[in-house]
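Novice: The structure under discussion is supplied below as structure tokens; questions concerning it will follow.
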Amino acid sequence: MRRLIPAAALVLLMLSGCGNQVNEQAMNRLENSQPMVQISPNQTDKIWFIYRDDCPDCQKIFREVYALRKVDNITFVNTNNAENRRQALQLGVTRVPGFVVHGRLFTTLEQAEKEVR
């Protein structure tokens, strides 16, 4: 019975839409943040999502990438940060959105996922 109460509360929270609001706010904060990220392209279990927060094509796929961030171990790299842009250029990233896995550049999340698995 004790396990049912927290589960029921979670279901009610999700149905009320409050859970989605929190996720939406967290997603927007991440998308618009510009922290410097140290890109380690040879890390074998990670996908580096290279984007710009003001890029329309990046914005179109951001929600999908955000939803898969923990499953696919995705790190977000906003190239509106000058240091992130410099690192991305060193990896050969000249257009966004892009995905880097094992030092290789991919234009779609599906291609990057196949490389990791």
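Novice: Looking at Asp53, is it assigned to a loop (DSSP other than H, G, I, E, B), at pLDDT 90 or above, within 21 Å of Glu24 (Cα to Cα) and not hydrophobic (A, V, I, L, M, F, W, C)?
Specialist: It is true that Asp53 is assigned to a loop (DSSP other than H, G, I, E, B), at pLDDT 90 or above, within 21 Å of Glu24 (Cα to Cα) and not hydrophobic (A, V, I, L, M, F, W, C).
Novice: When region 76-117 is examined, which residues are found to be surrounded by fewer than 17 Cβ atoms within 10 Å (Cβ to Cβ) and among the polar types (S, T, N, Q)?
Specialist: Answer for region 76-117, where residues must be surrounded by fewer than 17 Cβ atoms within 10 Å (Cβ to Cβ) and among the polar types (S, T, N, Q): Asn80, Gln90, Thr94, Thr107, Thr108, Gln111.
Novice: Next question. Counting just the residues of region 56-67 that are more than 10 Å from the chain's Cα centre (by Cα) and closer than 21 Å to Arg104 by Cβ, which one comes out most open to solvent (accessible area, probe 1.4 Å)?
Specialist: Selected residue: Asp57.
Novice: I would also like to ask the following. Mind telling me which of the residues Val96, Val77, Val65 ends up being under 18 Å from Pro35 (Cβ atoms), assigned to a helix (DSSP H, G or I) and of a type in the set (Val, Ile, Thr)?
Specialist: That would be Val65, the only listed residue that is under 18 Å from Pro35 (Cβ atoms), assigned to a helix (DSSP H, G or I) and of a type in the set (Val, Ile, Thr).
The values are calculated or read from the model by the stated rules, or taken from the named source; none is laboratory data. As the structure is a computational prediction, the values presented were derived from the model and not from experiment. Cβ: placed from backbone, ideal geometry, glycine included. Neighbour counts: every protein chain shown. Note: areas computed on protein heavy atoms with side chains; ligands, DNA, RNA excluded. Shrake-Rupley method; radii C 1.70, N 1.55, O 1.52, S 1.80 Å.
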